[in-house]
Structures are given as C-alpha cells and as structure tokens.
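Presented below is the structure to which this report refers.
The values are calculated or read from the model by the stated rules, or taken from the named source; none is laboratory data. Just so we're clear, the structure is a prediction, and the values are computed from it rather than from any experiment. Here the Cβ is made from the backbone with ideal geometry for all residues, glycine too, and neighbour counts use every protein chain on show. Only protein heavy atoms, including side chains, enter the accessible area calculation; ligands, DNA and RNA are left aside. Shrake-Rupley method; radii C 1.70, N 1.55, O 1.52, S 1.80 Å.
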Amino acid sequence: MAHPDSTAPETASPDAAAARQPLAAKAADTTAENPWPVRLLSAKISDYIDRMAPLWVEGQVVQLNRRPGAGMAFLTLRDTDADMSLPVSVYAKVLDAVTAPIDEGAHVAVRAKPTFWTKRGSFQLQADQLKPVGVGELLARIEHLKRVLAAEGLFDLGRKKPLPFLPRVVGLVCGRESKAEHDVVVNARARWPQVRFEIREVAVQGVSAVPQVSAAIAELDANPDVEVIVVARGGGAVEDLLPFSNEALVRAASACRTPLVSAIGHETDAPLLDLVADYRASTPTDAAKRIVPDVSEERARLTQALSRMRSAVTHRVRQEQAGLDATRSRPVLASPHTMIETRERDVEAAVRAGRSGLDRLLSSASSTVDRLAAQVRALSPAATLDRGYAVVQGPDGGVVRSPDDVATGDALRIRLASGEITATTR
C-alpha cells in the first residue's frame, strides 16, 4: 500500500486518489465519500467504554449458563421494574466464592467493568464480584417504599372505591392454570352462577410479573363491561411475592379506576398491593366470597323479608280492622237516630222547663199586680165613696170643704159611689 504522503502518478484513477484521502478525525466529519471503516468505529467504541470505571449494578438473574469445567459463566441481569437487561460474564471462581448459591430469579448486586468486543461488536459486563441481595434487605427496601407511598397518600382510605354489590363481569388477573384462578372462579360461580369472568393469565412471579400484571390491570380497567378487578395469586416465598410490592405495579393499581381486589398469598402475606387495593382479601377464596353475594343467602334474605312484610301488612290490616270495628260499635254509628232522639228529648225538656218557668213568672207577676191593685184601691177615693161618703163640687168644679166655699143658690155637683146628683144651696 502506498504511503499517504507519496506522490501518485498523473494517470492514477479517482478511486485510488480517494483511497489516499485522510480519514475523518471525528465521527461528525465522516461523509459518504469519506466513511470510517468498521474496525475504526469498533476501536473507538472500545476505547470509549474502556475508560468507564467499574461499578456496582443490581438486578435479577434471569438466565445463567455455566458449563461444567468451564472457567467462564454467562448470565443475564434484568431490571426488576423495566423490560431491560444486560449480559454479564463472570469467572467460575467468582461464582464459587459466593456463599449463597446463585440461581435464576435471584436478586444480586454485581461489581463489573463494561467491555466491548470489537470482533463481534457486542457489549457486556465483566463481573469480578457478586453479592446476593438478601430477603432482609429486600424487605427493608419494601418498608421504605411503603413509607414513601403512604406519604403520597396512595394508601388513604378516602381513595378506596366501594365494591359493586352484584357485578355482571369480573376481571381476573392470575397465573396460567393456577389454583388461585380455580379458587376464585369456582367459589364465585358456586355463590352466583350468572357471574362472568374476563380472565388474563399472566406471569405472577419472576421478571415478567410486573409488566404483565400491570398491563392486564390496565387492559381490564379500560373494558367498560368489567365492574371489579381481582388480582389473585397463591402463597409462596417472600421472593416470589416481591413483584406485588414493586413500585411500578403499585402505582399501576393506584391509577386503576375500576374497584380493585387484592388476593395475594395467604392471610399472613402483606404485599404493598394489598394496601393500595380497594379491598384486601386474605385468600383467593375470600376474594370470591367478597365480590359476589351468595345466591342461597340472598334468597333466604328475600324469603325473610317477604315474611316480615306479610306479617307487618297483616298486623296493620288487623289493627285497622279493630279500629274500624271499635268505631262502628259506637252508639252514634250503631244507631245514628239515637243522637237525634237524645237532642229531641233535650229540646222538649228545655221547652217544658221554659214554659214552667214562664208560668211561674206570670203567676208571680199576676199576684204582685193583684196585691198592688188592692193597695191602690184601698187608698183610692172611690173606696171612701163606697163606704157612704160623697164628694161635693162647687160651680167651678172645686171640692167644697167648708160652707163658706159656696153661696146661696150655687149649683152643686155631688159625686156618690154609684153616680152623682145635683143640688142647689139655700
């Protein structure tokens, strides 16, 4: 190959001239006419990654390949909250130095140096230390997350939505062909045969549990026919139930607008999903009893209610009939003319009393008049005349009381008890 600074013959082709053109110093300076070869880009990427310092990274082991007698093992480290993973290579002696066995599904912290293989163009982490993340540490992290979410109000009772009395469609998130699914469906249909289920079978443990359960909740929540959602899983080890204390899953459940029932594990298990759910069932069977009423119990209650209503109506009718009979048995209603006859007798008695009183009053008044008349008559001049006396009146009509009151020849008028006579004085 000719040196880049050598002088080419005047007859050199344009392609040869382009080959002698210096390569771009920076990636931004590359062009279609002056590109970088693959080896140069690979070398620059390798140089850049080599400058990265070793670091600790945490995740879940989802794939572990270790061949007997091989000095190198390979695993995939997956994020527990997001669908992301990184390949890791580790010497067999490093794995052997770990006190607790490393299996798929284990949570580990890895100290590794990022490396780039130029021949394959692949990136991986070269681990020199592995440290299992113990259950105690995981529980401590869950407790810390619990305090953070509680401070945000995700567990407040005011956020809890009431469960429907009789949902027509129940959304069920559970494991594939799991006993939890059987417990919920069988017990719910035994209580209310007409209930329908929208079932989403997903991973309920491992690295896929969080995204699959969250997606299933969101899908059922978007279905307008679903009136309540049940997330059910049977019991298991603490590590198996960790996805249901994952922050992403808890927030997905909190955002659910449909009433949510958590039925995870046994009664003693308490993942964070229980706290954010609208109702916490101790077991999947308990969830089935809570989401639908028992048809036999409801029928018994209806029978009791009908019996109580019949008894109440019968008692009320009898009470009103007794009152009506008592009213009808009163004399005024039994013999309506009795009241008129009574008032008639009262009027007659009053008339008789009035007449008797008037008679007594008239008799008394008559006696008084007779007495007064007798007194008047006794004092009257006519009474004196009746005794033989007479009244003499002079010519002028005046009463003659003395002989001197008249003269000889005066005409006199003499009044007697019975009539009068005339006379002349001499």
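Those helices (runs of 4 or more DSSP H) of the range 115-222 in which at least 1 residues are polar (S, T, N, Q), considering only elements entirely within it, cover 179-191, 209-221. Take Arg20 and decide whether it is modelled with pLDDT under 85 and open to solvent by less than 60 Å² (accessible area, probe 1.4 Å). It is false that Arg20 is modelled with pLDDT under 85 and open to solvent by less than 60 Å² (accessible area, probe 1.4 Å). The residues of the range 268-284 that are outside any loop (DSSP other than H, G, I, E, B) and open to solvent by less than 40 Å² (accessible area, probe 1.4 Å), listed by number, are Leu272, Leu273, Asp274, Val276, Pro284.
One line per residue, one yes/no per condition, for (1) open to solvent by 40 Å² or more (accessible area, probe 1.4 Å); (2) out of contact with any strand residue (DSSP E or B) (no Cβ under 8 Å at 6 or more places or on another chain):
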position: Leu75; (1), (2): no, no
position: Thr80; (1), (2): yes, no
position: Asp83; (1), (2): yes, yes
position: Lys93; (1), (2): yes, yes
position: Asp96; (1), (2): yes, yes
position: Asp103; (1), (2): yes, no
position: Ala106; (1), (2): no, no
position: Ala112; (1), (2): no, no
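Candidates Ala305, Ala288: the one that is farther than 17 Å from Gly236 by Cα, at pLDDT 90 or above, in a helix (DSSP H, G or I) and under 22 Å from the mean Cα position of the chain (by Cα) is Ala288. Among the conditions (1) at pLDDT 80 or above; (2) open to solvent by 50 Å² or more (accessible area, probe 1.4 Å); (3) not hydroxyl-bearing (Ser, Thr, Tyr), Gly388 misses just one, which is (1).
Can you tell me how many residues within the range 64-122 are under 28 Å from Glu247 (Cβ atoms) and among the β-branched types (Val, Ile, Thr)? Matching residues across the range 64-122 total 7. One residue alone among Ala353, Ala383, Ala373, Ala407 is of a type in the set (Gly, Ala, Ser), more than 18 Å from Thr422 (Cβ to Cβ) and open to solvent by 50 Å² or more (accessible area, probe 1.4 Å), and that residue is Ala353.
Here the condition is being over 30 Å from Pro259 (Cα atoms), at pLDDT 90 or above and surrounded by 15 or more Cβ atoms within 10 Å (Cβ to Cβ); of Phe116, Phe123, it holds for Phe116 alone.
For first residues located in the range 251-264 and open to solvent by 10 Å² or more (accessible area, probe 1.4 Å), partners that are aliphatic (A, V, I, L, M) and part of a strand (DSSP E or B) and lie 6+ apart or on another chain with Cβ distances below 8 Å form the pairs Thr258/Val228; Thr258/Ile229; Pro259/Val228; Pro259/Ile229. Of the residues making up the range 211-241, those that are out of contact with any strand residue (DSSP E or B) (no Cβ under 8 Å at 6 or more places or on another chain), touching a residue at least 40 places away in the same chain (Cβ under 8 Å) and either surrounded by fewer than 16 Cβ atoms within 10 Å (Cβ to Cβ) or farther than 20 Å from Pro284 by Cβ (or both) are Pro211, Val238. Among residues of the range 147-160 that are open to solvent by 60 Å² or more (accessible area, probe 1.4 Å), those with a Cβ under 8 angstrom from a residue that is modelled with pLDDT of 90 or more and not basic (Lys, Arg), sequence gap 6+ or separate chain, pair up as Arg159/Gly153; Arg159/Ser254.
Cβ-Cβ contacts under 6 Å between residues 6 or more apart (or on different chains), taken from a first residue in the range 99-120 that is more than 17 Å from Tyr48 (Cβ to Cβ) and without any contact (Cβ under 8 Å) to a residue 60 or more places away in the chain to a second residue that is aromatic (Phe, Trp, Tyr) and open to solvent by 30 Å² or more (accessible area, probe 1.4 Å), are listed as Ala109/Trp56; Arg111/Trp56.
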